[in-house]
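The values are calculated or read from the model by the stated rules, or taken from the named source; none is laboratory data. Please read all numbers here as calculations on a predicted model, not as lab measurements. Virtual Cβ from ideal backbone geometry, glycine too; neighbours counted across all protein chains shown. For the accessible areas, the whole protein counts, side chains as well, though only heavy atoms, and no ligand, DNA or RNA atoms are used. Shrake-Rupley method; radii C 1.70, N 1.55, O 1.52, S 1.80 Å.
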Amino acid sequence: MNVPHAAGLLAAVRQRLAARQGFALATINLDHLVKLNTDPAFRAAYAAQDFVVADGNPIVWLSRLARQPVDLVPGSTMVLPLARLAAQAGVKVALLGSTETALATAAEALRVEARGLDVALTIAPPMGFDPAGEEAARYLRMLETAGIGLCFLALGAPKQEILAARGRDLAPHVGFASVGAGLDFLAGTQVRAPDWVQSIAMEWAWRMLGNPRRLAPRYWACAKLLPGEMRKALALRMAPPAGRT
(Lines give C-alpha, C1' and ligand atoms only; values in the text may rest on other atoms or scores of the structure.)
Protein backbone atom coordinates (compact mmCIF):
# COMPACT_ATOMS: atom_id res chain seq x y z
CA MET A 1 0.00 0.00 0.00
CA ASN A 2 1.27 3.46 -0.80
CA VAL A 3 -1.78 5.54 0.12
CA PRO A 4 -2.70 5.27 3.82
CA HIS A 5 -6.08 7.01 3.88
CA ALA A 6 -8.98 8.23 1.76
CA ALA A 7 -8.06 11.91 2.03
CA GLY A 8 -4.62 11.24 0.58
CA LEU A 9 -6.10 9.19 -2.25
CA LEU A 10 -8.62 11.87 -3.19
CA ALA A 11 -5.93 14.56 -3.14
CA ALA A 12 -3.69 12.49 -5.43
CA VAL A 13 -6.53 11.71 -7.84
CA ARG A 14 -7.64 15.34 -7.89
CA GLN A 15 -4.14 16.32 -9.04
CA ARG A 16 -4.08 13.69 -11.78
CA LEU A 17 -7.52 14.63 -13.10
CA ALA A 18 -6.66 18.34 -13.14
CA ALA A 19 -3.49 17.63 -15.11
CA ARG A 20 -5.27 15.12 -17.41
CA GLN A 21 -2.78 12.48 -16.32
CA GLY A 22 -3.74 8.84 -16.16
CA PHE A 23 -3.34 6.53 -13.20
CA ALA A 24 -4.27 3.09 -11.92
CA LEU A 25 -5.89 2.62 -8.52
CA ALA A 26 -6.12 -0.80 -6.89
CA THR A 27 -7.10 -2.11 -3.49
CA ILE A 28 -5.44 -4.83 -1.42
CA ASN A 29 -7.10 -7.48 0.74
CA LEU A 30 -6.24 -11.01 1.89
CA ASP A 31 -7.68 -12.60 -1.24
CA HIS A 32 -5.44 -10.37 -3.32
CA LEU A 33 -2.45 -11.40 -1.21
CA VAL A 34 -3.26 -15.05 -1.94
CA LYS A 35 -3.36 -14.27 -5.67
CA LEU A 36 -0.15 -12.23 -5.49
CA ASN A 37 1.63 -15.26 -4.04
CA THR A 38 0.47 -17.60 -6.81
CA ASP A 39 -0.14 -15.54 -9.97
CA PRO A 40 2.81 -13.84 -11.73
CA ALA A 41 0.47 -11.88 -14.03
CA PHE A 42 -1.33 -10.47 -10.99
CA ARG A 43 1.99 -9.47 -9.38
CA ALA A 44 3.02 -7.68 -12.57
CA ALA A 45 -0.33 -5.89 -12.71
CA TYR A 46 0.02 -4.68 -9.12
CA ALA A 47 3.53 -3.42 -9.80
CA ALA A 48 1.99 -1.11 -12.45
CA GLN A 49 -0.58 0.43 -10.08
CA ASP A 50 0.02 4.05 -9.10
CA PHE A 51 -2.14 3.98 -5.97
CA VAL A 52 -2.93 1.05 -3.66
CA VAL A 53 -5.23 1.30 -0.64
CA ALA A 54 -6.39 -1.15 2.05
CA ASP A 55 -9.68 -2.91 1.27
CA GLY A 56 -10.22 -5.29 4.17
CA ASN A 57 -10.07 -5.11 7.94
CA PRO A 58 -7.35 -7.80 8.22
CA ILE A 59 -5.05 -5.56 6.16
CA VAL A 60 -5.75 -2.67 8.52
CA TRP A 61 -5.11 -4.88 11.57
CA LEU A 62 -1.85 -6.15 10.07
CA SER A 63 -0.72 -2.58 9.39
CA ARG A 64 -1.34 -1.68 13.03
CA LEU A 65 0.51 -4.77 14.20
CA ALA A 66 3.46 -3.63 12.09
CA ARG A 67 3.17 -0.10 13.52
CA GLN A 68 2.60 1.22 10.01
CA PRO A 69 -1.14 1.96 10.32
CA VAL A 70 -3.42 2.61 7.36
CA ASP A 71 -7.15 3.28 7.14
CA LEU A 72 -9.78 1.09 5.55
CA VAL A 73 -10.54 2.44 2.05
CA PRO A 74 -12.81 -0.04 0.22
CA GLY A 75 -12.94 0.51 -3.51
CA SER A 76 -16.73 0.23 -3.52
CA THR A 77 -17.11 3.14 -1.08
CA MET A 78 -14.82 5.34 -3.16
CA VAL A 79 -17.00 5.27 -6.28
CA LEU A 80 -19.09 8.32 -5.37
CA PRO A 81 -16.20 10.45 -4.01
CA LEU A 82 -14.17 9.74 -7.15
CA ALA A 83 -17.14 10.47 -9.40
CA ARG A 84 -17.64 13.81 -7.67
CA LEU A 85 -13.98 14.66 -8.25
CA ALA A 86 -14.42 13.84 -11.94
CA ALA A 87 -17.50 16.09 -12.13
CA GLN A 88 -15.60 18.94 -10.47
CA ALA A 89 -12.66 18.47 -12.85
CA GLY A 90 -14.96 18.33 -15.87
CA VAL A 91 -13.59 15.02 -17.14
CA LYS A 92 -15.55 12.29 -18.88
CA VAL A 93 -16.25 9.05 -17.05
CA ALA A 94 -16.59 5.49 -18.34
CA LEU A 95 -17.97 2.39 -16.64
CA LEU A 96 -16.50 -0.97 -17.69
CA GLY A 97 -17.56 -4.37 -16.38
CA SER A 98 -20.63 -5.96 -14.80
CA THR A 99 -23.71 -6.07 -17.09
CA GLU A 100 -25.41 -3.60 -19.43
CA THR A 101 -28.41 -3.32 -17.10
CA ALA A 102 -26.29 -2.70 -14.01
CA LEU A 103 -24.11 -0.15 -15.80
CA ALA A 104 -27.12 1.79 -17.08
CA THR A 105 -28.61 1.96 -13.57
CA ALA A 106 -25.27 2.84 -12.00
CA ALA A 107 -24.72 5.59 -14.56
CA GLU A 108 -28.04 7.20 -13.68
CA ALA A 109 -27.29 6.98 -9.97
CA LEU A 110 -23.90 8.59 -10.51
CA ARG A 111 -25.42 11.45 -12.49
CA VAL A 112 -27.81 12.11 -9.61
CA GLU A 113 -25.17 11.90 -6.87
CA ALA A 114 -22.42 13.74 -8.75
CA ARG A 115 -24.04 16.78 -10.36
CA GLY A 116 -22.74 17.57 -13.80
CA LEU A 117 -21.00 14.23 -14.21
CA ASP A 118 -20.56 13.14 -17.83
CA VAL A 119 -20.84 9.36 -18.00
CA ALA A 120 -19.81 9.21 -21.62
CA LEU A 121 -19.25 5.49 -22.13
CA THR A 122 -20.43 2.17 -20.67
CA ILE A 123 -18.90 -1.15 -21.68
CA ALA A 124 -20.13 -4.55 -20.48
CA PRO A 125 -17.63 -7.14 -21.74
CA PRO A 126 -18.93 -10.58 -22.74
CA MET A 127 -18.51 -13.72 -20.64
CA GLY A 128 -14.99 -15.05 -20.80
CA PHE A 129 -13.51 -11.59 -21.34
CA ASP A 130 -9.71 -11.73 -21.39
CA PRO A 131 -8.04 -8.54 -20.06
CA ALA A 132 -4.84 -9.55 -21.85
CA GLY A 133 -6.55 -10.12 -25.21
CA GLU A 134 -7.11 -8.01 -28.31
CA GLU A 135 -10.69 -7.11 -27.36
CA ALA A 136 -9.35 -5.57 -24.16
CA ALA A 137 -6.81 -3.57 -26.15
CA ARG A 138 -9.64 -2.30 -28.36
CA TYR A 139 -11.60 -1.17 -25.31
CA LEU A 140 -8.56 0.66 -23.95
CA ARG A 141 -7.92 2.45 -27.24
CA MET A 142 -11.62 3.38 -27.32
CA LEU A 143 -11.32 4.99 -23.87
CA GLU A 144 -8.27 6.99 -24.90
CA THR A 145 -9.83 8.13 -28.18
CA ALA A 146 -13.06 9.16 -26.42
CA GLY A 147 -11.12 11.41 -24.04
CA ILE A 148 -12.18 9.54 -20.92
CA GLY A 149 -10.57 10.93 -17.77
CA LEU A 150 -11.78 8.32 -15.26
CA CYS A 151 -12.84 4.73 -15.88
CA PHE A 152 -14.39 2.59 -13.16
CA LEU A 153 -13.46 -1.07 -13.63
CA ALA A 154 -15.95 -3.57 -12.20
CA LEU A 155 -14.48 -6.84 -13.41
CA GLY A 156 -13.23 -8.36 -10.16
CA ALA A 157 -9.69 -9.45 -9.39
CA PRO A 158 -7.44 -10.16 -11.18
CA LYS A 159 -9.09 -9.03 -14.44
CA GLN A 160 -9.63 -5.38 -13.46
CA GLU A 161 -6.06 -4.89 -12.19
CA ILE A 162 -4.58 -6.54 -15.28
CA LEU A 163 -6.69 -4.34 -17.56
CA ALA A 164 -5.71 -1.21 -15.60
CA ALA A 165 -2.04 -2.11 -15.91
CA ARG A 166 -2.41 -2.43 -19.70
CA GLY A 167 -4.26 0.86 -19.71
CA ARG A 168 -1.23 2.67 -18.34
CA ASP A 169 0.41 1.97 -21.72
CA LEU A 170 -2.51 1.91 -24.16
CA ALA A 171 -4.62 4.67 -22.54
CA PRO A 172 -2.10 6.87 -20.71
CA HIS A 173 -4.49 9.78 -20.15
CA VAL A 174 -7.18 7.64 -18.48
CA GLY A 175 -7.42 7.12 -14.73
CA PHE A 176 -8.47 3.57 -13.89
CA ALA A 177 -10.17 2.75 -10.58
CA SER A 178 -10.71 -0.94 -9.80
CA VAL A 179 -13.88 -1.02 -7.70
CA GLY A 180 -15.02 -4.66 -7.79
CA ALA A 181 -18.71 -4.83 -6.98
CA GLY A 182 -18.94 -1.07 -6.41
CA LEU A 183 -21.07 -0.38 -9.48
CA ASP A 184 -23.36 -3.33 -8.73
CA PHE A 185 -23.88 -2.02 -5.19
CA LEU A 186 -24.74 1.36 -6.64
CA ALA A 187 -27.14 -0.20 -9.16
CA GLY A 188 -28.73 -2.44 -6.54
CA THR A 189 -27.93 -5.62 -8.47
CA GLN A 190 -25.82 -6.73 -5.50
CA VAL A 191 -26.62 -5.89 -1.89
CA ARG A 192 -23.85 -4.93 0.49
CA ALA A 193 -23.92 -6.09 4.11
CA PRO A 194 -25.88 -3.86 6.50
CA ASP A 195 -23.97 -1.12 8.30
CA TRP A 196 -24.05 -2.99 11.62
CA VAL A 197 -22.42 -6.03 9.99
CA GLN A 198 -19.72 -3.82 8.48
CA SER A 199 -19.15 -2.10 11.84
CA ILE A 200 -18.21 -5.41 13.51
CA ALA A 201 -15.94 -6.42 10.60
CA MET A 202 -18.14 -9.38 9.60
CA GLU A 203 -18.95 -8.39 6.02
CA TRP A 204 -16.93 -11.39 4.83
CA ALA A 205 -19.27 -13.74 6.72
CA TRP A 206 -22.33 -11.99 5.28
CA ARG A 207 -20.97 -12.46 1.77
CA MET A 208 -20.02 -16.09 2.36
CA LEU A 209 -23.48 -16.99 3.63
CA GLY A 210 -24.86 -15.61 0.37
CA ASN A 211 -22.56 -17.72 -1.82
CA PRO A 212 -20.83 -20.38 0.28
CA ARG A 213 -19.80 -22.66 -2.58
CA ARG A 214 -17.77 -19.94 -4.27
CA LEU A 215 -16.53 -17.99 -1.26
CA ALA A 216 -15.82 -20.63 1.41
CA PRO A 217 -12.70 -21.96 -0.41
CA ARG A 218 -11.52 -18.38 -1.00
CA TYR A 219 -11.84 -17.43 2.65
CA TRP A 220 -10.18 -20.67 3.77
CA ALA A 221 -7.17 -19.79 1.59
CA CYS A 222 -7.14 -16.34 3.21
CA ALA A 223 -7.28 -17.86 6.69
CA LYS A 224 -4.31 -20.12 5.93
CA LEU A 225 -2.32 -17.11 4.71
CA LEU A 226 -3.02 -14.94 7.76
CA PRO A 227 -0.54 -16.48 10.28
CA GLY A 228 2.36 -15.92 7.90
CA GLU A 229 1.31 -12.34 7.29
CA MET A 230 1.09 -11.79 11.04
CA ARG A 231 4.65 -13.01 11.43
CA LYS A 232 5.79 -10.60 8.73
CA ALA A 233 3.96 -7.73 10.44
CA LEU A 234 5.57 -8.60 13.79
CA ALA A 235 9.00 -8.67 12.12
CA LEU A 236 8.38 -5.17 10.80
CA ARG A 237 7.26 -4.06 14.25
CA MET A 238 10.49 -5.38 15.82
CA ALA A 239 12.81 -4.00 13.14
CA PRO A 240 14.92 -1.00 14.19
CA PRO A 241 13.95 2.37 12.69
CA ALA A 242 15.61 3.27 9.38
CA GLY A 243 19.09 4.66 9.94
CA ARG A 244 19.57 2.79 13.23
CA THR A 245 21.16 -0.58 13.93
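Just the accessible area per residue of region 148-245, please: how many Å² with a 1.4 Å probe?
It amounts to 57 Å² per residue over region 148-245.
Could you name the lysines whose alpha carbon sits less than 26 Å from that of Lys224, not counting residues in the same chain fewer than 8 places away?
Those lysines meeting the cut-off are Lys35, Lys159, Lys232.
List the residues of region 151-186 whose backbone N lies under 12 Å from a point placed 7 Å from the Cα of Leu80 along the Cα-to-Cβ direction.
Output list for this probe position: 186.
May I ask for the angle, rounded to the nearest 10°, between helix 6-18 and the longest principal axis of the chain, with both axes built from Cα atoms and the value confined to 0 to 90°?
Between the helix axis and the principal axis of the chain, the angle is about 30 degrees.
Report the full-extension gain for the segment Leu236 to Ala124: residue separation times 0.36 nm, less the Cα-Cα distance, to one decimal in nm.
Extending this stretch completely gives an extra 36.1 nm.
Measuring from a point 7 Å past the Cα of Arg43 along Cα-to-C-beta, which residues in region 149-169 have an amide N at less than 20 Å?
157-166
According to a simple spin-label model (label point 7 Å from Cα along Cα-to-Cβ), what is the distance in nm between Trp196 and Arg115?
3.5
Build a GNM of the chain with springs between Cα atoms under 10 Å: which of Leu153, Leu103, Leu65 gets the top mean-square fluctuation?
Between Leu153, Leu103, Leu65, it is Leu65 that shows the largest mean-square fluctuation.
Considering the convex hull of the alpha carbon atoms of region 108-245, report its projected area averaged over all viewing directions, in nm², one decimal.
13.0
For region 95-180, list log₁₀ I(q)/I(0) at each q in 0.11, 0.13, 0.17 Å⁻¹, using the Debye formula over Cα point scatterers of equal strength and ignoring solvent, two decimals each.
After summing over all Cα pairs, the log10 values are -0.26, -0.37, -0.64.
Could you tell me the distance between the Cα centroids of region 212-228 and region 62-96, to the nearest Å?
25
Quick one: work out Rg over Rh on the C-alpha atoms of region 1-122, Rh as Kirkwood radius.
Result for region 1-122 is an Rg/Rh of 1.00.
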